1. Please determine, by comparing only the residues of region 10-40 that are polar (S, T, N, Q) and surrounded by 12 or more Cβ atoms within 10 Å (Cβ to Cβ), which one is nearest to residue 98 (Cα to Cα).
2. What do you reckon, is residue 40 part of a helix (DSSP H, G or I) and in contact with a Ser or Thr (Cβ under 8 Å, 6 or more places away or on another chain)?
3. Return yes or no: is residue 52 outside any helix (DSSP H, G or I) and not aromatic (Phe, Trp, Tyr)?
4. Could you list, in sequence order, all residues of region 12-28 that are of a type outside the set (D, E, K, R) and outside any strand (DSSP E or B)?
5. Can you find even one residue in region 56-68 that is buried (at least 19 other Cβ atoms within 10 Å of the Cβ) and either touching a Pro at 6+ places or on another chain (Cβ under 6 Å) or closer than 18 Å to residue 89 by Cβ (or both)?
Amino acid sequence: MNPGDATAQRIRQILDSQRIVLFMKGSRQRPQCGFSAQVVQILDSLLPDYASVDVLQDAELRQGIKDFSNWPTIPQLFVAGELVGGCDIITEMFQSGELQQALAPAGGAAGG
């Protein structure tokens, strides 16, 4: 197994263990970039709890999540193992109400 495979496996385990995961720079309490801070502010206004992963603590993970999702920037929000998007997409979805629907518990919203 090469290091990339190990990192991808680690990311998959994180995503499988939590329904909502934010890969970000810094922590929820201390975001280390404006984009991460903006997404945290949005999520904190909607959710009491979600997982966050500080990519600045691990260079392999920082690159690995970009490779895993085929998305070039951080932060990245995943819901039920699927990439929702980064800061711009999350902000647009929040403003339109789509994010609230995407974050609703399974079975809480129509559609799937």
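1. 38
2. Judged against the criteria, residue 40 is a match.
3. Judged against the criteria, residue 52 is a match.
4. The answer is 13, 14, 15, 17, 18, 27.
5. Taking region 56-68 as the starting set, the residues that turn out to be buried (at least 19 other Cβ atoms within 10 Å of the Cβ) are 61, 64-65, 68.
Now narrow it down to the ones that are either touching a Pro at 6+ places or on another chain (Cβ under 6 Å) or closer than 18 Å to residue 89 by Cβ (or both): 65, 68.
Yes, region 56-68 contains a residue that is buried (at least 19 other Cβ atoms within 10 Å of the Cβ) and either touching a Pro at 6+ places or on another chain (Cβ under 6 Å) or closer than 18 Å to residue 89 by Cβ (or both).
Values quoted throughout were computed directly from the atomic coordinates according to the rules given, and no laboratory measurement underlies them. In this text, all values refer to a predicted model and were calculated from it rather than measured experimentally. Positions of Cβ are backbone-derived with ideal geometry, glycine not excepted, and every protein chain shown enters the neighbour counts.
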